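*Asks:* Below you'll find the structure I mean.
A short reminder: the numbers here are calculations on the coordinates, not readings from a lab. From a predicted model like this one, the values you see are computed outputs, not experimental measurements. Ideal geometry is used to build each Cβ from the backbone, glycine not excepted, and the neighbour counts take in all protein chains shown.
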Amino acid sequence: MKIRTAGTATASVLLLAGMSAAFAPAPAGADAVDCAYTVSLPKAVTVKQAVVGLTATLAATSTTGADCTAEFDVATHLVHGTDDEMFDWGESNPTTDTETLYAIEVVPGTYTTAAGTCYATSADFTDTYTCTVADTSTVIKFSSATRLTLKRTKKAPRDVAFTVRSTRFSEFGAANQAARVSIQRYSAGEWHTIHTAKTDAKTGAYTWIHKYPTKAKYRAVSATTAAAWASTSRTTTQ
């Protein structure tokens, strides 16, 4: 469930506040908790299309013998910047919940769960269990693409112009980005970095001219940025 507007977010907060008496986790320092719920998310999420599904899994443990999945409801928000995703588990989906990420709304960076609520009872509703929801996090960024083109200059045939372009995914098409790039040459069975630089934020490009008299294999690697994951170009021979 996505929190899209300020009005909706306010309504959700008020709703959660009204239900706090029934759904509030046990306070710190209390006796042994009947049900401890743990949310798991991928360590890293790549957004490379307009709509991406993000699945969170739920696990329950108990040191008191409580059946934590008989009758229960667990909810938590996954938040970063202006983006807010809400996951919810219950008897109909006791272990997984999938929410939709829209590329246009993603705020690249570390998303952390917060405002977790839980409610659990025995199957016959005679016992109400104390419970907690552990916080977790994931890093969500866009995919990137790196392109390397090589061209020997006419004036100096031994000079090779290396042009690297780095872009990241955008719902409106590839977006140029400033990224730290490494130009690599393959020799003796390994890739060796021969030059590093930063691409221009507006054009996403960087050009370097160097002398290499013999043919060899080259590639370029864009490092991870604040908005996008790292990527490697195709191998080019020149």
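*Asks:* Got a sec? How would Val107, Val221 order by Cβ neighbour count within 10 Å, fewest to most?
*Replies:* Val107, Val221
*Asks:* Let me ask something additional. When each pair of different Cα atoms in the range 96-157 is counted once in the 1/r mean, what is the Kirkwood radius in angstroms, to one decimal?
*Replies:* Roughly 17.5 Å, rounded to one decimal.
*Asks:* Using Cβ contacts closer than 10 Å as the measure, can you line up Glu91, Glu71, Glu85 from fewest to most?
*Replies:* Glu91, Glu71, Glu85
*Asks:* Could I ask something else about it? Taking R0 as 25 Å, what FRET efficiency do you get between Ala32 and Ser92 from their Cβ-Cβ distance, rounded to the nearest 0.05? Can you show the working numbers first?
*Replies:* Values: r = 28 Å, r/R0 = 1.14.
So the FRET efficiency works out to roughly 0.30.
*Asks:* If the cut-off is a Cα-Cα distance under 17 Å, which aspartates and glutamates reach Lys151, setting aside same-chain residues fewer than 8 apart in sequence?
*Replies:* Straight-line reach from Lys151, under 17 Å: Asp159.
*Asks:* If we count chymotrypsin sites (Phe, Trp or Tyr not before Pro) as exposed when they sit in a DSSP loop and have at most 13 other beta carbons within 10 Å, what is the longest stretch of the chain that avoids them all?
*Replies:* 1-124
*Asks:* With 18 Å as the limit, write out which pairs from Lys48/Lys141; Lys43/Lys198; Lys154/Lys198 have Cα-Cα distances beyond it, or answer none. The partial results should precede the final answer.
*Replies:* On the way: Lys48/Lys141 9 Å; Lys43/Lys198 27 Å; Lys154/Lys198 26 Å.
Going by Cα-Cα distance, Lys43/Lys198; Lys154/Lys198 fall outside the 18 Å limit.
*Asks:* Dividing the convex hull volume of the Cα atoms of the chain by its residue count, what figure in Å³ per residue is obtained? It would help to have the intermediate numbers written out before the result.
*Replies:* Details: hull volume 38.6 nm³, N = 238.
Residue-normalised Cα hull volume stands at 162 Å³.
*Asks:* Extent of the range 139-184 along each principal axis, from alpha carbon coordinates, in Å, largest to smallest?
*Replies:* Principal extents (largest minus smallest coordinate, Cα): 45, 21, 12 Å.
*Asks:* Using a cut-off of 12 Å between beta-carbons, work out the net charge of the residues near Val181 (Lys and Arg +1, Asp and Glu -1, Val181 not included).
*Replies:* Value of the local net charge: +4.
*Asks:* Hey, what do the phi angles of the range 186-193 turn into as Karplus ³J(HN,Hα) couplings, whole Hz, using 6.51/-1.76/1.60 and θ = phi - 60°, x for Gly and Pro?
*Replies:* 8, 7, 6, x, 9, 8, 10, 6
*Asks:* Let me ask another. Taking every pair of alpha-carbon atoms in the range 152-233, give the share separated by more than 21 Å as a whole percent.
*Replies:* Cα-Cα pairs in the range 152-233 separated by more than 21 Å: 34 percent.
*Asks:* Quick one: what are the phi-derived ³J(HN,Hα) couplings along the range 73-82, Karplus 6.51/-1.76/1.60 with θ = phi - 60°, whole Hz, x for glycine and proline?
*Replies:* For the range 73-82, the Karplus-derived couplings read 8, 10, 9, 7, 9, 10, 10, 7, x, 8 Hz, x marking Gly and Pro.
*Asks:* What is the fewest-to-most order of Leu54, Leu78 by other Cβ atoms lying within 10 Å of their Cβ? Intermediate values should be presented prior to the final figure.
*Replies:* Working: Leu54 19, Leu78 23.
Taking fewest neighbouring Cβ atoms as first place, the list is Leu54, Leu78.
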